[in-house]
Each structure stands twice: as structure tokens, then as C-alpha cells.
Amino acid sequence: MTFQGDERGLLGDKGHYDEQRYPIQWNTVNEDVLNHYKALAGLRKNVPALRSSAIRFYTAKNGMMAFFRGHDDEVLVVANSWRKPAELQLPPGEWKVIWPENHDGSKAVSGAIEVPPISVLVLERG
């Protein structure tokens, strides 16, 4: 979920309770944050399962949570909240990492995958 202001790094400064209502100051936007949200929007646009309302829990343990998106569980979203890598046993089949963009997702993975610390991976069923 994205709220107005997230895309420009608005942190909800308590000194300006209604800051989110001000006109957007595009000349002072945090470009890294804005580009991150643009990339997420592009991912959602290009992967139909991420626009689906279908969501199904997969697992949550050892600092990780994973859930499926799509009516046929075609996308697996994995979040690691630990400050160290963690291993996730993947559901049967082959998966391809489609997020983050800089991840080496050129090859299919199966069995298990290492999830980097404090990160999210999005995998698509191969």
C-alpha cells in the first residue's frame, strides 16, 4: 500500500501535521525514493498477478514471511526482517526472481533460496 507522499520520501514530520496536503514540491523530491516507487509501479503493471486481489499465505518463521499472489499462486513474495540472510524452502517447481531488478534472476531456482537481510524478493513461477 502506498500513501500520498511515500513516493517522495515524506516521513510524516510531526511539525507539519497536514504536510501531505501541500502541493508536491517536485524540485525537492528524493530521486532514489521516487525511482524506487516508479520501479514498483512498473513491476505491478507488468505482472498481472500483482494486480490480482488473490493472496494466500505460504509461511512465516525465522524472521521471514512469504505469501502467494495471483489466482494460480503464480507469484511468491518473500520478506526477510532479520539482519542476516535466511534460507527459504520454495514451493515445488521452478521460480525466477523478478524483484529486485538488480538481482541475478536470469536462471530458474528451485528447492531453496537465500533471502538477503532486511529485504524483499518477488519470484514468479517459471
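Taking segment 52-125, how much of its Cα-Cα pair set, in percent, is spaced more than 22 angstrom apart?
Looking at segment 52-125, the distances longer than 22 Å represent 14 percent of pairs.
Starting from 0.36 nm per residue, how many nanometres of slack lie between S81 and K38 once their C-alpha separation is accounted for?
Length difference between fully extended and current span is 13.2 nm.
FYI, it's all coordinate maths here, none of it is from the lab. Only a predicted model underlies this, so the values are computations on that prediction, with no experimental measurement involved.
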